[in-house]
Amino acid sequence: MKIASPWKRLQGNHFWRAVDREHNRIIIEQLAGCTHILDLGCGYGSLTAALQQAGFQAVGVDADAEQIAQARALFPEAANALFPMDAARLEFPDQRFDAIVLRDTLHHLWEEADTEQAFSEIERILRPGGRLVIFDPNPNFVVRTARRLIAHQDAECTFQQARTWLEQRDWKIQRQFFTELFALPLSGGYVGLELVPAWPALYPPLIAANRILSSALSRWGLGPHLLWRYVLTAVRQTSFGASRTT
Ligand SMILES: C[S@@+](CC[C@H](N)C(=O)[O-])C[C@H]1O[C@@H](n2cnc3c(N)ncnc32)[C@H](O)[C@@H]1O
């Protein structure tokens, strides 16, 4: 199924717009104490703009120049901080950022890019002790079934693969949880069916119920099986300079 102009769902009364903001809120909660943030694989730029609005010095980059052009049009206030750039070659000085966010981007770096090269770059431009925040699809039975129903194919990086990868590269996992029970699937995201009518009064209670149920299920250990996203926050234990000499 092909959706024309998916970015339009970030505008008007689309439920996805409210869900997208909720995802940004969850990510921003992981960034306390950080100032300079890179939104790597920023897509249409909503997180970069939200980070700036929250007071961070945020930059967004994406390999797809067309998405960057669209992002600049959607969020003109952040246009000067949105650049086309591939994760394989991040044109920033060493240790430039306090934190790097991969929002729905890790699975692409995992299956469609040179993961080793991308992470070498991430580790180079993150300051010692800097933070990596991963927010990525949790490809469990529910998510895979839903994707099959709408004939949507996507790359995958499981929670366990992400964890193992980070630990092997000397990252220390600080926080891990699962989130997103029903708001994302009801909204359709960028590519699915929109199952909630365009009635904004409905959105806050739906988002609140989704938040409460998601966090309860995550706490009860059901997140891996039922929830649509995982969140991993990690800190690199070895500084870039130290790992280079070994
Ligand atoms: C699923 S989209 C997520 C976009 C945005 N972060 C969001 O949450 O809406 C994944 C994004 O990663 C970008 N991407 C994939 N491979 C990349 C790479 N090697 N370097 C930079 N960006 C990449 C894609 O162009 C795409 O915009």
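Data table
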quantity	calculated
Residue within segment 183-195 that is over 21 Å from the mean Cα position of the chain (by Cα) and free of Cβ contacts under 8 Å to residues at least 40 places away in the same chain present	yes
Those residues of segment 129-156 which are farther than 19 Å from Ser218 by Cβ and either in contact with a His (Cβ under 6 Å, 6 or more places away or on another chain) or open to solvent by less than 10 Å² (accessible area, probe 1.4 Å) (or both), in sequence order	Gly130, Leu132, Ala155, Glu156
Scan of segment 16-63 for residues that are part of a strand (DSSP E or B), of a type in the set (Val, Ile, Thr) and either at positive phi or more than 11 Å from the ligand (Cβ to nearest atom) (or both), ordered by number	Ile37, Val59
Of all residues making up segment 44-56, the number that are under 12 Å from the mean Cα position of the chain (by Cα) and open to solvent by less than 10 Å² (accessible area, probe 1.4 Å)	3
Candidate set: segment 108-122, residues that are in contact (Cβ under 8 Å) with a residue 40 or more places away in the chain and more than 8 Å from the ligand (Cβ to nearest atom); chosen: the one surrounded by the most Cβ atoms within 10 Å (Cβ to Cβ)	Ile122
Filter pass, Ala216 being open to solvent by less than 50 Å² (accessible area, probe 1.4 Å), of a type outside the set (D, E, K, R) and either at pLDDT 95 or above or in contact with a His (Cβ under 6 Å, 6 or more places away or on another chain) (or both)	yes
Criterion (in contact with a Leu (Cβ under 9 Å, 6 or more places away or on another chain) and surrounded by fewer than 18 Cβ atoms within 10 Å (Cβ to Cβ)) met by exactly one of Trp7, Trp16	Trp7
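The values are calculated or read from the model by the stated rules, or taken from the named source; none is laboratory data. This structure is a prediction, so every number in the text was calculated from the model and none was measured. So basically every Cβ, Gly included, is an ideal-geometry build from the backbone, and we count neighbours across all protein chains shown. Note: accessible area is taken over every heavy atom of the protein model, side chains too, but ligands, DNA and RNA are not part of it. Shrake-Rupley method; radii C 1.70, N 1.55, O 1.52, S 1.80 Å.
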